Each structure stands twice: as structure tokens, then as C-alpha cells.
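The structure appears below as C-alpha cells.
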Amino acid sequence: MNGRPRRVLITGATGGIGRALALEYAAPGVALDLQGRREEELAALAARCREAGAQARTHALDLHDRTRLAAWLDELAADPPDLAILNAGVNIAAPAPGETEAADDMDALLEVNVRAALALARALAGGMRRRGAGQLALMSSQAAWRGLPVTPSYSASKAAVKAYGEALRDVMAPAGVGVTVIMPGYVTSPMCAAMPGPKPFEWDAARAARRIRRGLARNRARISFPFPLNLGCWLLGGLPPAWSGLLLRWLGYGR
């Protein structure tokens, strides 16, 4: 998109990256739409954004709730923001070595990370296409390059978001709508802390938000960081699976 976004939607705004992004974009002349499950935390974040001079509206919505989500999608499609950062996501891990994740936990993760994310992207892209302008950002992960044995469902969900976002960019470009896939590494947050395995090159959330904002201002197709981890994960994804599996176990990601 051209120019500075005046209306910005951020889903998962009470998470580590989402909160940092809200504060990064909060400024006079900016209207923020902040979605999350935790109403009190949303209200506190909105208050901080208003102190920075921004307008802020909160949307306390659980993305598992398909009925409420469908109604919100209709509103967003009719009046899309300038920039939408689809950041909401959850993570789970296998409970013990040699075990898979619980089926109900997998379903809940895929509902938010894939189904809701793609439904939001589709609705917003449609509205932006009709307007002839707008920008979408989909939150993937470095785990999309090669599935991690400690978090297989999370890795699969982020690979789906990456593929969809990359394809959607090509679809929307002729209509003047930008689409970016964000692929962060480890960013300090409660969700990151709960993830098993090593966390090399971990960034704080404010640093990640600054990098994301700069990349979105340039309409980058992909925003991946930090560089050493991105390069390593990219190379890992290109290795034969047997080799990459051995390397992951050596690095401490095996179960």
C-alpha cells in the first residue's frame, strides 16, 4: 500500500508480538482495531495506545467461536482497514517423548492458526480488492520451513499460512492489495517460554515489532528474522528428511 496506514487491525493483540505491534503503530492520526480473547488485557492495551495519541477499539472475540467470527468477517469485508496483521495463534506440544499431541488440542490449534486465519484473510482481501487498496500480513513462523518434532501441529499450521499467504500475494497484486508473510524466529512471550527445545537468537517483542513495521512499509513479500536462524531453517528445509531429522535431534529438538 502507499503511504502510512491510518487504520490498523491486529489480531492476537494481547500476545507478545501483537501487543508490541499495537504499541509500535500507536500514534496520533492512527486508529487501531485490537482483537483478543482477554477483555481486561485488551482494555489496558487500548488505554496505552490512546496515551500515545492513537484511537483504539477492542474486539474481545475467541476465534474458536465460528458464529461470532462469521459476523465479524462480514463487518471487516464491508469496511476493511488499511493494514491488517493476522497475528493470532496458539501452540501445543507433544506431552512426552514418543507421544503425539491430543486430538482435541490439535483441532483447537488448527481452528485458530489455519481456519480462522485464512477466513480472515479471505474476507479482508475481498474487501480490499473491491476498494482497490490495502495490505494484509499473515503471521507464519520459522517452523514453516521444516516441521519440528516437538511441535508438529504448530509447524504444520504455520506452513499452511506461509503457502496461503504467498499464493494470495500473487492473486491480490493486480488489484493493488499487498500481502506479506511474516516468519519470526523465537520472540520473548509466554507462548515462546512454553515451547520445548532450544530457543537460539531469541528477540524481544519490541525489536520484532520494529522489524515487522519496516518490512510492511516496504511491502516485502516475506519478513523473516533473525537472519542466522532464518538461513539455518531454510537450509534445514532443503536437506533430505533423514538428514534434517538427525540434525534436529543433535540440536536438542528430538523427543
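Things to note:
- Selection over region 213-247 of residues that are under 18 Å from C192 (Cα atoms), out of contact with any Ser or Thr (no Cβ under 7 Å at 6 or more places or on another chain) and touching a residue at least 60 places away in the same chain (Cβ under 8 Å) gives a count of 3.
- Of the listed requirements (1) buried (at least 18 other Cβ atoms within 10 Å of the Cβ); (2) closer than 23 Å to T14 by Cα, D105 misses just one: (1).
- Those residues of region 211-255 which are part of a loop (DSSP other than H, G, I, E, B) and at pLDDT below 95, in sequence order: P226, L239, P240, G252, Y253, G254, R255
- Summed over region 123-177, residues that are among the basic types (K, R) and closer than 16 Å to M195 by Cβ total 2.
- Scanning region 188-210 for residues that are crowded, with 19+ Cβ neighbours inside 10 Å and part of a helix (DSSP H, G or I) yields a count of 4.
- The single condition among (1) touching a Phe, Trp or Tyr at 6+ places or on another chain (Cβ under 8 Å); (2) modelled with pLDDT under 95 that A208 does not satisfy is (2).
- Each residue in region 23-33 was checked for being outside any loop (DSSP other than H, G, I, E, B) and either within 18 Å of A208 (Cα to Cα) or out of contact with any strand residue (DSSP E or B) (no Cβ under 8 Å at 6 or more places or on another chain) (or both), and 3 of them qualify.
- Out of A47, A94, A84, one residue alone is of a type outside the set (F, W, Y), within 20 Å of A209 (Cβ to Cβ) and surrounded by 14 or more Cβ atoms within 10 Å (Cβ to Cβ). It is A84.
- Residues that are surrounded by fewer than 24 Cβ atoms within 10 Å (Cβ to Cβ) and without any contact (Cβ under 8 Å) to a residue 60 or more places away in the chain within region 5-34 comprise T14, A26, A27, P28, G29, V30, A31, D33, listed in sequence order.
- Listed by position, the strands (runs of 3 or more DSSP E) enclosed by region 52-167 that each have at least 3 residues that are in contact (Cβ under 8 Å) with a residue 24 or more places away in the chain and within 30 Å of P200 (Cα to Cα) are 83-86, 134-139.
- Restricting attention to region 211-233, the residues that are hydrophobic (A, V, I, L, M, F, W, C) and either within 14 Å of G147 (Cβ to Cβ) or surrounded by 18 or more Cβ atoms within 10 Å (Cβ to Cβ) (or both) add up to 6.
- Any hit, region 189-201, residues being within 28 Å of R7 (Cβ to Cβ), at pLDDT 90 or above, touching a helix residue (DSSP H, G or I) at 6+ places or on another chain (Cβ under 9 Å) and not polar (S, T, N, Q): no
The values are calculated or read from the model by the stated rules, or taken from the named source; none is laboratory data. Note that the coordinates shown come from a computational prediction; the quantities given were computed from them, not determined experimentally. All Cβ positions, even for glycine, are placed from backbone atoms using ideal geometry, and neighbour counts span all protein chains on display.
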